[in-house]
2 protein chains.
Amino acid sequence: MTETVDQRLRSAWTPASAEAAALPPHAVRWLTRRLGPLEPGAPVAPDTAFAVPDSRLPDAARTALADVVGASYLRLGPAERLGRAGGLSYVDLLRRRYPGVLPVPDAVVSPADPGEVQRVLDVCVAHGVGVVPFGGGTSVVGGVAALRGECEAVVTLDLERLDRLVSVDPVSRLAVFEAGVRGPDAERMLAAHGLTLGHVPQSFERATLGGFAATRSAGQASSGYGRFEDMVQGVHLATPAGSWRLGVAPASAAGPDLRALALGSEGTLGVLTEVTVRVRPLPTRERYEGVVLDGFQRATDAVRLLAQHGLLADVTRISDESETAVSLALKGGFTTAALRRYLAARGVREPCLLILGWHGRAPQRRRARALLRAAGAVSLGRAAGQAWRHGRFHGPRQRDALLDLGVCVETLETATHWSRLGELYEAVSTALRDSLGDPVVMCHVSHAYETGASLYFTVLTPRDPHDPFGQWERAKRAAGDAITEGGLGTITHHHAVGTDHAPYLRSEIGDVGVAVLAAAKRATDPTGVLNPGKLGL
Amino acid sequence: MTETVDQRLRSAWTPASAEAAALPPHAVRWLTRRLGPLEPGAPVAPDTAFAVPDSRLPDAARTALADVVGASYLRLGPAERLGRAGGLSYVDLLRRRYPGVLPVPDAVVSPADPGEVQRVLDVCVAHGVGVVPFGGGTSVVGGVAALRGECEAVVTLDLERLDRLVSVDPVSRLAVFEAGVRGPDAERMLAAHGLTLGHVPQSFERATLGGFAATRSAGQASSGYGRFEDMVQGVHLATPAGSWRLGVAPASAAGPDLRALALGSEGTLGVLTEVTVRVRPLPTRERYEGVVLDGFQRATDAVRLLAQHGLLADVTRISDESETAVSLALKGGFTTAALRRYLAARGVREPCLLILGWHGRAPQRRRARALLRAAGAVSLGRAAGQAWRHGRFHGPRQRDALLDLGVCVETLETATHWSRLGELYEAVSTALRDSLGDPVVMCHVSHAYETGASLYFTVLTPRDPHDPFGQWERAKRAAGDAITEGGLGTITHHHAVGTDHAPYLRSEIGDVGVAVLAAAKRATDPTGVLNPGKLGL
């Protein structure tokens, strides 16, 4: 362990010090011009500003847990516990600035391997202690909040030590990883075998394979490599009901595919300790490029055709007019007016930027380009693609800088079938505008399928210094209501449920679905110690 | 209803009268030469040979069911009930020849629409009557046997009247079908919109979309169109706990994907009443061709490379040496010795026939051919492909003719990852040979994935006239043990569990998996009326 999770998380909360986390001067100028006078809000509070209650972990449980993992891996200090008090949502970031009551765990326990995870669970069941599985801590939906539920005490089970590549089967293109392996480490270990996983969500740098599986993550290259759930061939979970392994074949008809219950279970049914994933050869050539289309409707139509012809680039991401304008303005690399004239001369009056990232696949690229030309696309060449690629993990890091400026900044996402995509786009945009006054609302489609696509919204608006929490809560509720009204879309395409989306789950999976989830939980976790309060369970 | 289910099923049980169900004389000669003297077994017994017990359906339930569906759709006659007494496994076919006790339902009830299905379920719950959902009746694993479980009586719920295309969304490429629509009818209705589903399992002609979903069916063109579960975007089930709809988006992270519980639930958790499926444009051009490779290991290696390079034909099916030899012998279209000389001169000494069916996709075909040439493949041209295509649904129909001859004929299938495929092939082949003396054992791979493939075995051996049931039971058990020993493969790749594979389910999904399935069932079907005894539930 060269870097502790505390250090990792703390660095995410450090205001705009690192290069990538800073906002360039022209971006700050643009923001103040667009959003009007901003009132810089509270800075990130020091740890000492937070009242960390004494650990409620009973002595007997403390002894038993230390017996399993060793005393040095059962941590009770306020800093370690505070470091796992939440994830990385806007509300999580706000909480660091407006000290109040944080959901701080009573201890942090770090088992060494799957066997120790099982024994930690057994101890927690025996002592009625809640368990919050913790990977990278990057949840943006409250997924790692240390809620107690009905339990006396709650520990955060940090999977940081489950960091091994267990085995590689290059013939079957399979790799078995322990669940605590982070994205970059997985890629580094696979690269030694000439292989890649190809899963690069925005949380890539910190998040873990177990977390990807537990939350049904989708990466930026999902069009080429699939969602994480598509990659998972096998899972191993520790549950209060015992160890659970699934996945002996690439496909099966041996009853319902129960792997699908583990995927997306967000630590409520068991703790993922190992995942077996499909891997692929490292691409010999990557090519990122930008293309502009005229208007979001035409642009999404073009992406739909790419998806339905099997011609999506590995990364395929189309921004609406607003996001395109903002990203060009914030990049500062283009003379915006000159670019607009250039595009208008080619028939593009409402530019929408399409990023295409090709990992090999030259034949598909040629056919995709022909299709895009027919749709009136204008190429911006590789520079635009490389610029996006360079900054593709920066978004989360820049949020603290925006918060320093007094901006309310958050994202939310959904998905629906193609024929309802325009309606969903309008409904969510309107809900956000109506509840926030005159915000900047931007949107992109970053995950396209034959039958539909995701919509990913980013909102920027002056933070209400008097009610920063309520301001976003109302906007989020308006958007959630707009999404679920009449089953227009899913409440989340890849951010998961956690606490934030739990109120909407029933409208999406029905009373029967909620009953089935609760029943599954009773089977694997009869005393309800696993991640209390998540998924509404 | 131009043809009743009774008629449909009866025709499947009629010995070798129809053209496609007959065995050509050269095939009979080959069989008697290879298997030795055969003792023609019992012919199919007339209905009158079977003792059909009086219906045990209580009068109150009878009245209530007739109130829901109308008296003419509640059928109590022996012929109708006998017609739903089983599926189409070898054991089912044997039972028609050796009259004994059949699992005959107490009534056949045919609701008109999803609403009536729900009301039928409600009546059955109220009266403690078991319900066996019934589509095409093509289960080969005992999935439609009218077992009572703990119930006083059991009815077969025939979905034949749920035969409508509900809606088509050509933009999103989605179609909503009622669950009782049969394969050819679905294709006919979609063809009117220029669309296709592309799901063609061997049961295609009789089986229903609800059945495909409930059993996780995989069609012959699964390499191009996916397994049926890949096509399903939404489901609507009637359950004792109420109506259950799932699937608002092409992808989601709103908790576990509960559609996966409906898929493969085999009528134990609910009755599928509607499925929303992904559809595609009808291919403008289909091209079937045959290619021969030298030895099954080299042949499966080539298919693995096709799968891992994204170059599988829509239909990709490779036969082992034995199946290749038998199919060439049974076809009678080739001069076998001449063909062997031709192939040997090109380096192919152990011919394995690879069928490739391309639905459009000319660019992939060119690249696949280059890869196959490098693997030493010799083309047999289109004739071999067309011959396979022509006869691709004949297998099940010819079984009665084989039974008439005194042959024991059955199939079984499994799947595993590529690196264990050879081991699985040997283990199952050996188990079948050891338990059956000197049978013909043939095998093909008809479903290939990046990480592994299925194995589909066909067995032919002289039927033991003294113990026809025990003969196959022992062979099936030996094969099942070989598959599950050490988690070598899945007990079923696409035939489902039913009763026959239930004993192996625990070894595949673990104690926790069994407990989770049972818990899900308690949530949707608290009194246990749904398809008693299937999936081990």
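The values are calculated or read from the model by the stated rules, or taken from the named source; none is laboratory data. Model, not experiment: these values are computed from the prediction. Please note: Cβ atoms are built from the backbone with ideal geometry, for glycine as well, and neighbour counts cover all protein chains shown. Note: areas computed on protein heavy atoms with side chains; ligands, DNA, RNA excluded. Shrake-Rupley method; radii C 1.70, N 1.55, O 1.52, S 1.80 Å.
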Looking at the structure I just gave you, is B:A260 under 30 Å from B:V132 (Cα atoms) and open to solvent by 10 Å² or more (accessible area, probe 1.4 Å)? yes
Across the range B:159-180, which residue is most open to solvent (accessible area, probe 1.4 Å) among those that are of a type in the set (V, I, T) and outside any loop (DSSP other than H, G, I, E, B)? B:V166
Conditions: (1) assigned to a loop (DSSP other than H, G, I, E, B); (2) out of contact with any Lys or Arg (no Cβ under 8 Å at 6 or more places or on another chain). B:R29 meets all but one. Number of the miss? (1)
Without any contact (Cβ under 8 Å) to a residue 24 or more places away in the chain and either among the aliphatic types (A, V, I, L, M) or within 11 Å of chain A (Cβ to nearest Cβ) (or both) - does that describe any residue in the range B:186-198? yes
Report, by residue number, each residue of the range B:453-490 that is of a type in the set (S, T, N, Q) and open to solvent by 10 Å² or more (accessible area, probe 1.4 Å). B:T458, B:Q471, B:T484
With respect to A:L121, determine if the residue is hydrophobic (A, V, I, L, M, F, W, C) and surrounded by fewer than 24 Cβ atoms within 10 Å (Cβ to Cβ). no
Would you be able to tell me the number of residues in the range A:422-443 that are touching a helix residue (DSSP H, G or I) at 6+ places or on another chain (Cβ under 8 Å), assigned to a helix (DSSP H, G or I) and open to solvent by less than 10 Å² (accessible area, probe 1.4 Å)? 3
Residue list for the range B:60-94, restricted to those being aromatic (F, W, Y) and open to solvent by less than 20 Å² (accessible area, probe 1.4 Å): B:Y90
Residue in the range A:303-324 that is in a strand (DSSP E or B), open to solvent by 40 Å² or more (accessible area, probe 1.4 Å) and touching a Phe, Trp or Tyr at 6+ places or on another chain (Cβ under 8 Å) present: yes
Do the conditions hold for B:G489, that is, is it under 19 Å from B:A218 (Cβ atoms) and in contact (Cβ under 8 Å) with a residue 24 or more places away in the chain? yes
Per the list (1) basic (K, R); (2) over 25 Å from the mean Cα position of the chain (by Cα); (3) in a loop (DSSP other than H, G, I, E, B), residue check on B:R245 breaks on (3)
Tell me, which residue of the range B:389-436 that is at pLDDT below 95 and in contact with a strand residue (DSSP E or B) (Cβ under 6 Å, 6 or more places away or on another chain) is nearest to the other protein chains (Cβ to nearest Cβ)? B:R399
All but one of (1) more than 11 Å from every other protein chain (Cβ to nearest Cβ); (2) of a type in the set (S, T, Y); (3) under 21 Å from the mean Cα position of the chain (by Cα); (4) over 30 Å from B:R389 (Cβ atoms) hold for B:S446, so report the exception by its number. (4)
Within the range A:270-302, take every residue that is touching a Leu at 6+ places or on another chain (Cβ under 8 Å) and in a loop (DSSP other than H, G, I, E, B) and give me the one that is most open to solvent (accessible area, probe 1.4 Å). A:L282
Does B:R188 qualify as being touching a Ser or Thr at 6+ places or on another chain (Cβ under 8 Å), open to solvent by 20 Å² or more (accessible area, probe 1.4 Å) and either among the basic types (K, R) or not in a loop (DSSP other than H, G, I, E, B) (or both)? no
Exactly one of (1) over 25 Å from A:Y449 (Cβ atoms); (2) at pLDDT 95 or above is unmet by A:P465. Its number? (2)
Name every residue in the range A:451-495 that is under 20 Å from A:A401 (Cα atoms) and assigned to a helix (DSSP H, G or I), in order of residue number. A:P468, A:F469, A:Q471, A:W472
Return the pairs, sorted by first residue and then second, in which the second residue is basic (K, R) and assigned to a loop (DSSP other than H, G, I, E, B), the first residue lies in the range A:450-474 and is in contact (Cβ under 8 Å) with a residue 12 or more places away in the chain and within 14 Å of chain B (Cβ to nearest Cβ), the beta carbons are less than 6 Å apart, and the residues are 6+ apart or on different chains. A:E450/B:R173; A:T451/B:R173
Given the residues B:G183, B:G219, B:G255, which is the only one that is away from chain A (no Cβ under 14 Å) and either surrounded by 23 or more Cβ atoms within 10 Å (Cβ to Cβ) or without any contact (Cβ under 8 Å) to a residue 24 or more places away in the chain (or both)? B:G183
Which pairs have Cβ atoms under 6 Å, sit 6 or more apart or on different chains, and link a residue in the range A:378-404 that is more than 25 Å from A:V44 (Cα to Cα) to one that is open to solvent by 30 Å² or more (accessible area, probe 1.4 Å)? A:V378/A:R346
Within the bounds of the range A:142-153, is there any residue that is outside any loop (DSSP other than H, G, I, E, B) and touching a Leu at 6+ places or on another chain (Cβ under 9 Å)? yes
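Residues are listed down the side, and each one gets a yes or a no for (1) in contact with a Pro (Cβ under 9 Å, 6 or more places away or on another chain); (2) more than 29 Å from A:W472 (Cβ to Cβ):
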site: A:A79; (1), (2): no, no
site: A:G83; (1), (2): no, no
site: A:L121; (1), (2): yes, yes
site: A:T138; (1), (2): yes, no
site: A:V141; (1), (2): no, no
site: A:A145; (1), (2): yes, no
site: A:A153; (1), (2): yes, yes
Quick one: count up the residues across the range B:496-517 that are in a helix (DSSP H, G or I), within 7 Å of chain A (Cβ to nearest Cβ) and not acidic (D, E). 8
